[in-house]
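Structure record follows, encoded as structure tokens.
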Amino acid sequence: MKSFAEFFAGVGLVREGLSQHGWSCVWANDISKDKFNTYNDNFGDEHFKLADIWDVASDSSIIPSSTFLYTASFPCTDLSVAGGRAGLAGVESGTIDALFKILEAKCRVGTKPNVVLLENVRGFLTSHGGEDVAETVKRFGDLGYFTDIIELDARDFSAQSRPRVFVVAVQESLAMQTMKLNKNDEVFDTWWSEINSNDYLRSHRVKSIISKNPSLKWGILELDFDVKNTIRLKDIVEKDLQDDSPLWWSDERKSHLFSQMNLNHIKDLELMQKGETYSYGTVFRRMRKGKSMAEMRTDGFAGCLRTPRGGSSKQILIQAGFGDWKVRLLTPREYARLQGVRESFILPENTNKGYFAMGDAVCVPVIEFIAKQILNPLFDNYKMSNKAMDFSDKAKTAGML
């Protein structure tokens with residue numbers, strides 16, 4: 001069975017993506033009661049452990065021992081460029097230590113997962129000059145894993161710009177069959193040439209970390225990245241809102257937003273108003289030189305969704321055309337669509353909880369891509385290898401070998 005356990009499960013969007021490709025969740029954990037409630041509404045609570053991961057680490061036996069895959073979208077708070085940049089030394093992002101404590105315990109009893117998938121913001125690559133992610137790869141190596149790092153952006157799958165880093169650690173015997181491994185310290189060989197051939201999935205940041213740490217257990221996964229995304233912002237907005245909907249901002253609030261725009265964005269808005277169809281843009285408020293500015297994006301993609309910690313973190317939608325424009329906040333359902341979530345996914349009734357549910361979640365089609373391109377091939381190879389070993393054992397018993 002393609003089984004997985006998800007740590008920092010949130011509302012279950014990793015599960016949502018993996019389940020589309022035959023994966024079964026056998027255990028899940030998160031500390032947030034609100035996120036658990038949404039998870040429960042959509043998947044039930046049979047496998048969910050509502051607890052601090054440090055409590056789980058103190059008794060890892062509660063995690064099924066035959067689990068093939070662990071996933072962990074651990075907190076980005078201390079890694080994000082918008083945060084304090086404490087890195088893995090921070091209280092929240094440092095909870096990855098609890099995951100490693102669990103892995104160490106599983107190693108001691110011979111039941112570690114075959115694959116571990118970590119997900120976080122791009123700031124993970126630059127945290128402490130790349131030392132945090134290098135230390136993570138080292139820790140995986142010490143536990144018998146080879147590691148690859150890939151970068152994927154939700155804009156290749158949805159109408160949201162959301163670059164993310166995925167760390168894939170593969171147990172050594174499986175890695176030897178499925179990955180191209182580096183040869184000790186000889187990082188600048190044909191292996192290095194291959195990793196340099198794909199700038200899109202592994203940026204200069206990744207390559208810099210590898211080149212500075214050639215003795216770590218690195219491996220390359222062969223990926224076929226042939227993605228053609230046609231979804232744009234206009235495809236996810238709710239079109240049936242009436243002009244008198246309370247969601248639309250008042251003239252006073254609208255004028256204040258306009259006053260925060262720079263000249264270039266005002267010109268863009270004026271051009272949008274001239275259209276004979278509606279066009280859409282999103283706006284973030286940002287502090288520039290001590291002043292709050294409204295920065296508009298009109299390329300068909302929303303900016304990266306965040307959790308709501310004040311008005312500036314909520315994305316604003318502008319609808320313009322036919323000589324006029326209107327403005328409102330994106331709705332939680334629109335957030336969900338930007339994350340590639342099915343329409344039947346149950347969101348919290350409370351609006352702010354809906355923003356929280358989707359704001360720090362993963363983009364479902366990205367997880368589906370990883371399942372199809374990485375996890376399924378790894379599992380298939382593992383299964384075939386085990387069948388071959390079983391056949392060999394049976395043949396030896398029968399005296400055939």
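Here are the numbers for this structure:
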item: Filtered residues of the range 224-245 (kept if in contact with a helix residue (DSSP H, G or I) (Cβ under 7 Å, 6 or more places away or on another chain) and buried (at least 17 other Cβ atoms within 10 Å of the Cβ)); result: 236, 237
item: Output for the range 28-65, where each listed residue is touching a strand residue (DSSP E or B) at 6+ places or on another chain (Cβ under 7 Å), in a loop (DSSP other than H, G, I, E, B) and touching a residue at least 24 places away in the same chain (Cβ under 8 Å); result: 63, 64
item: Residues that are more than 18 Å from residue 330 (Cα to Cα), surrounded by 12 or more Cβ atoms within 10 Å (Cβ to Cβ) and among the hydrophobic types (A, V, I, L, M, F, W, C), drawn from the range 253-268; result: 261, 266
item: Residue within the range 299-309 that is hydrophobic (A, V, I, L, M, F, W, C), more than 22 Å from residue 332 (Cβ to Cβ) and either assigned by TED's automatic domain parsing to the domain that holds residue 332 or at pLDDT 95 or above (or both) present; result: no
item: Matching residues, the range 143-159, being farther than 29 Å from residue 177 by Cβ and out of contact with any Asp or Glu (no Cβ under 7 Å at 6 or more places or on another chain); result: 153, 154, 155, 158
item: Evaluation of residue 326 against (1) among the basic types (Lys, Arg); (2) in a strand (DSSP E or B); (3) farther than 20 Å from residue 337 by Cβ (one fails), failing number; result: (3)
item: Residue ranges of helices (runs of 4 or more DSSP H) in the range 329-384 with at least 1 members touching a residue at least 40 places away in the same chain (Cβ under 8 Å) and more than 15 Å from residue 18 (Cβ to Cβ); result: 332-338, 351-359
item: 1 or more residues out of contact with any strand residue (DSSP E or B) (no Cβ under 6 Å at 6 or more places or on another chain) and of a type in the set (Val, Ile, Thr): qualifying helices (runs of 4 or more DSSP H) within the range 204-265; result: 204-212, 233-236
item: Among residues of the range 11-30, those that are at positive phi and under 16 Å from the mean Cα position of the chain (by Cα), counted; result: 1
item: Residue in the range 300-350 that is farthest from residue 252 (Cα to Cα), counting only those that are of a type in the set (Ser, Thr, Tyr) and out of contact with any Ser or Thr (no Cβ under 9 Å at 6 or more places or on another chain); result: 344
item: Of residues in the range 104-122 being of a type outside the set (A, V, I, L, M, F, W, C) and assigned to a strand (DSSP E or B), the one nearest to residue 75 (Cα to Cα); result: 120
item: Residues of the range 171-230 that turn out to be touching an Asp or Glu at 6+ places or on another chain (Cβ under 7 Å), modelled with pLDDT of 90 or more and basic (Lys, Arg), as a count; result: 2
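The values are calculated or read from the model by the stated rules, or taken from the named source; none is laboratory data. In this text, all values refer to a predicted model and were calculated from it rather than measured experimentally. All Cβ positions, glycine included, derive from the backbone under ideal geometry; neighbour counts span all protein chains shown.
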